[in-house]
Amino acid sequence: MNTALKDLRPVYVVGIGLHPYQKPSDTPYTALGVHAIRAAIEDAGISWADVNSAYTGTATTAMGMSRLMYRHLGATGIPMVQVENASASGSTAFRQACIEVASGLTNVSIAVGVDKPLGAKMPQRAAGIRDLGGSRVAPFTHFALLANRYMHDHGATPEQFAAVAVKNSKNGALNPNAQRQKARTMEEVLAPPQISGPLTKLQCCPIGEGAAAAIVVSEDALTQLGLDRSRAVRVLSSASRSETVYEGENFDAALTRETTAQALSETGLKPSDLDLIELHDAFTMEELLYVEAMGLCKEGQAASQLVEGQFDIGGRVAVSSSGGLLSMGHPIGPTGIGQICELTTQLRGEAGKRQHANAKKGLAHMVGVGAVCVVHVLSV
Amino acid sequence: MTNTAIHPGLYDPYNPTPALNGTRCEKCKVNYFPPLGMGCERCGNPDLRSVTLSTNGTVHSAAMVHLHGGKDIDAPFVVVEIALDDGPLIRGLLANNTNDDVIGARVSGQWMKRVDDDGNVSVEPRFITDAESGESL
């Protein structure tokens, strides 16, 4: 029988830190990661010696990379492990840290996402799987196929897809850690270069580098370390699933629907109870697909509701208040933990100009090629 | 002169018309393409048998690719997702590179041949709509 996070010890996010997402540079991953870790430690008001374990979400950098980074904080001998789960690597590292604290193995764990795009290979190639599309079907074409089918089924328009990037660029312009910090107009988003199907360059996320860190603690640690409870954000649930057989239904949507439903059912919340959602909007059409799969609206309605402003900061539910993958960026390993940083900032009421008023419940969602999906629900 | 499959193992390049090498789980009555070699995704049955699948099907989606980093083909080209009459949802390329407004169209595979400077021929199935099927590739 499986056990849900809610059946174990409560887990709280008490410290977050980011290295701004940016274009690939000469900055070593160690510098990116240490920057984010020190920021998280300072935010939590603890010392590195208080941290009992470390999980590092990474997918594109190198094997055995943890200690070369963490040693700069002081070699305390804590257990450390890399977690690779494609785009959901950071989310999975965060989940592992939460599970470790919830189970009682440790009281303080850190999840860090760090990556530089040094050399990722698609898993199908390593598995020796060939098909007629081969390397001609890049990820953006996978989602272009979904976009064209969505337009066919629901009468959506290229402008409605582009509206996702317009909204998220507006949010990203308010986020100092975002890779793209410029608000874009509809004309700019629709402008060439065309990439695949209806997707233009600004409807595809930038893959860069960066780091994100989140420190999770137990109730005991809150007391023993004298931490500020008013800034502690509870992790209500953690769900992780992999693709199964969906008999013709799109697997990205089906997997998101299943995993989100599991995460919400463990909390007793409904989709309509959510104030914030950070989701895997690597391509504009994904936001529409996943908002519907999560149950925020009926199938085929996301495009019109987005244009109405329902997913804006200040709207019914703020979707990708960070700017999402489209504007904040998608450095792979950090991305899922960056979502936790954004939800924590918002739920604390510390998001400044991009603050979604009265935010109490937030959901973070990542999918990863393979395919996997990881969803967390956070609350104050 | 020999024919070489651009995608080895997925089809017989000497067939007069393209057909696909798939596998079948007799427990689930399901065909797979690309062929699953080691077990059925639905039930785990390790005893899959080889089957030949028709390239006839209906276009589920299509997208014109404008940007491609590889050297094997020049953009633009059209990727199609096809629900084969024999079951699997597969991806391939349209023979026609100018139109991706083909969702719902009936298609079938036709050989596309490449001949290099030494006269070596490599082939792959590309898909054409029934409306285009009278045209030679």
(message) I'd like to know if the range A:203-213 contains one or more residues that are more than 14 Å from chain B (Cβ to nearest Cβ), assigned to a helix (DSSP H, G or I) and touching a residue at least 12 places away in the same chain (Cβ under 8 Å).
(response) no
(message) Cβ contacts < 6 Å: first residue in a loop (DSSP other than H, G, I, E, B), restricted to the range B:89-102; second residue surrounded by fewer than 16 Cβ atoms within 10 Å (Cβ to Cβ), any location; separation 6+ or different chain. Result?
(response) B:Ala95/B:Leu137; B:Asn97/B:Pro76
(request) Exactly one condition in (1) within 21 Å of A:Ala359 (Cβ to Cβ); (2) open to solvent by 10 Å² or more (accessible area, probe 1.4 Å) is not met by A:Thr260; state its number. (result) (2)
(request) Determine the pairs where a residue that is on the phi > 0 side of the Ramachandran plot, located within the range A:282-299, has a partner that is modelled with pLDDT of 95 or more and of a type outside the set (A, V, I, L, M) with Cβ atoms under 9 Å apart, the partner being 6 or more residues away or on another chain. (result) A:Gly295/A:Arg257; A:Gly295/A:Thr260; A:Gly295/A:Lys270; A:Gly295/A:Pro271; A:Gly295/A:Ser272
(message) For the range A:219-249, give me each residue that is over 21 Å from the mean Cα position of the chain (by Cα) and within 14 Å of chain B (Cβ to nearest Cβ).
(response) A:Thr244, A:Val245, A:Tyr246, A:Glu247, A:Gly248, A:Glu249
(message) Of all residues being touching a Ser or Thr at 6+ places or on another chain (Cβ under 8 Å) and of a type in the set (Ser, Thr, Tyr) in the range A:161-197, which is surrounded by the most Cβ atoms within 10 Å (Cβ to Cβ)? Just the residue, please.
(response) A:Ser196
(request) Please determine, by comparing only the residues of the range B:41-64 that are within 11 Å of chain A (Cβ to nearest Cβ) and in contact with a Lys or Arg (Cβ under 7 Å, 6 or more places away or on another chain), which one is surrounded by the most Cβ atoms within 10 Å (Cβ to Cβ). (result) B:Ser61
(request) Could you check A:Ile195 against (1) in a strand (DSSP E or B); (2) under 30 Å from A:Gln355 (Cβ atoms); (3) within 14 Å of chain B (Cβ to nearest Cβ); (4) not aromatic (Phe, Trp, Tyr) and say which number it fails? (result) (2)
(request) Could you please give the count of residues in the range A:265-312 that are of a type in the set (A, V, I, L, M) and touching a strand residue (DSSP E or B) at 6+ places or on another chain (Cβ under 9 Å)? (result) 11
(request) For A:Gly57, state whether it is within 20 Å of A:Gly336 (Cβ to Cβ) and touching an Asp or Glu at 6+ places or on another chain (Cβ under 6 Å). (result) no
(request) Starting from residues that are more than 25 Å from B:Val30 (Cβ to Cβ) and open to solvent by 40 Å² or more (accessible area, probe 1.4 Å), keep the ones in the range B:83-98 and report whichever is nearest to the other protein chains (Cβ to nearest Cβ). (result) B:Asn97
(message) Restricting to the range A:298-340, and then to whatever is out of contact with any Gly (no Cβ under 9 Å at 6 or more places or on another chain) and β-branched (Val, Ile, Thr), can you tell me which residue is most open to solvent (accessible area, probe 1.4 Å)?
(response) A:Val307
(request) Take the range A:286-297 and flag every residue that is surrounded by fewer than 24 Cβ atoms within 10 Å (Cβ to Cβ) and assigned to a loop (DSSP other than H, G, I, E, B). (result) A:Gly295, A:Leu296, A:Cys297
(request) Considering (1) facing chain A (nearest Cβ under 9 Å); (2) over 16 Å from the mean Cα position of the chain (by Cα), say which one B:Val80 fails and leave the rest. (result) (2)
(request) Give the residue, chosen from B:Pro8, B:Pro34, that is facing chain A (nearest Cβ under 8 Å), open to solvent by 20 Å² or more (accessible area, probe 1.4 Å), over 24 Å from A:Arg149 (Cβ atoms) and modelled with pLDDT under 95. (result) B:Pro8
(request) Output the residues belonging to the range A:122-144 that are facing another protein chain (nearest Cβ under 7 Å), buried (at least 17 other Cβ atoms within 10 Å of the Cβ) and aliphatic (A, V, I, L, M). (result) A:Leu132, A:Val137, A:Ala144
(message) So for the range B:40-48 (the condition being of a type in the set (S, T, N, Q) and in contact (Cβ under 8 Å) with a residue 24 or more places away in the chain), does at least one residue qualify?
(response) no
(message) I need a count of the residues in the range A:198-225 that are on the phi > 0 side of the Ramachandran plot and open to solvent by 10 Å² or more (accessible area, probe 1.4 Å).
(response) 0
(request) State whether one or more residues within the range A:323-332 are within 17 Å of the chain's Cα centre (by Cα) and at pLDDT below 95. (result) no
(message) Looking only at the range B:11-25, count every residue that is surrounded by fewer than 21 Cβ atoms within 10 Å (Cβ to Cβ) and assigned to a loop (DSSP other than H, G, I, E, B) and tell me the total.
(response) 6
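The values are calculated or read from the model by the stated rules, or taken from the named source; none is laboratory data. This is a predicted model, so every value here is computed, not measured. With ideal geometry, Cβ positions are generated from the backbone for all residues, glycine too; neighbour counts draw on all protein chains shown. What goes into the accessible areas is simple: the full protein's heavy atoms, side chains included, and nothing from ligands, DNA or RNA. Shrake-Rupley method; radii C 1.70, N 1.55, O 1.52, S 1.80 Å.
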